[in-house]
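Colleague: Take a look at this one; I'll ask things after.
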Amino acid sequence: MESLSLTELTHEHLAKAHASSAGRSAITVHGRHDYVMRQTLVALIEGETLAPHDSPQEATLHVLSGRVRLDTGEETWEGGAGELLVIPPQRHDLLALEDSAVLLSVGTGSNT
């Protein structure tokens, strides 16, 4: 069994995001493209965004720290630490309203 601290990874990757010219840092904590599920911790400093992108078939976003806004153009959702959002299957962006870390869980469609 594998175990890791999302709290420690959050602190580590927020520090990396602050040091990065892009204002973000990410690490895959579980899975690969050949897994059925992949989980990625994404840290964003306040004001940074993940530009509009298409949604995978199945995805959730768990806010680990901070506050974020997900915008589809038709709907907007704001969430803080401890909240979980089922990402709608449409194009969207993500904005960090304050320094934030989220755990993105994505169904890859693979089952090998």
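Colleague: Can you give the extra length, in nm with one decimal, that the chain gains between H18 and L4 once fully stretched, where that is 0.36 nm per residue apart less the Cα-Cα distance?
Modeller: On the way: separation 14, 0.36 × 14 = 5.04 nm, distance 2.23 nm.
Extra length from H18 to L4 when fully extended: 2.8 nm.
Colleague: How much length would be gained if the chain were fully extended between T60 and T72, taking 0.36 nm per residue of separation minus their Cα-Cα distance, in nm to one decimal? Present the calculation step by step, with values, prior to reporting the outcome.
Modeller: Values: separation 12, 0.36 × 12 = 4.32 nm, distance 1.44 nm.
Net length gain for the segment: 2.9 nm.
Colleague: Per-residue ellipticity at 222 nm for the chain, helices alone: DSSP H runs ≥ 4 residues times -39500 (n - 2.57), over residue total, nearest 500 deg cm²/dmol? Walk me through the numbers on the way to the answer.
Modeller: On the way: 1 runs with 14 residues, N = 112.
Counting only the DSSP helices, I get -4000 deg cm²/dmol.
Colleague: Describe numerically, in nm with one decimal, the distance between label points set 7 Å from Cα along Cα→Cβ at V86 and at Y35.
Modeller: The two pseudo-label positions are separated by 2.2 nm.
Colleague: So who's got an amide H within less than 5 Å of the one on E48, skipping anything under 5 residues away but keeping other chains? H placed 1.01 Å off N, in plane.
Modeller: A96
Colleague: OK, next. Give me the Å³ per residue figure for the convex hull around the C-alpha atoms of segment 35-112. Display every interim value, and only then the final one.
Modeller: Details: hull volume 5.8 nm³, N = 78.
Cα convex hull per residue, to the nearest whole number: 74 Å³.
Since every read-out is calculated from the coordinates, none of them should be taken as a lab result. Values in this document were obtained by computation on a predicted structure and should not be read as measured data. All Cβ positions, glycine included, derive from the backbone under ideal geometry; neighbour counts span all protein chains shown.
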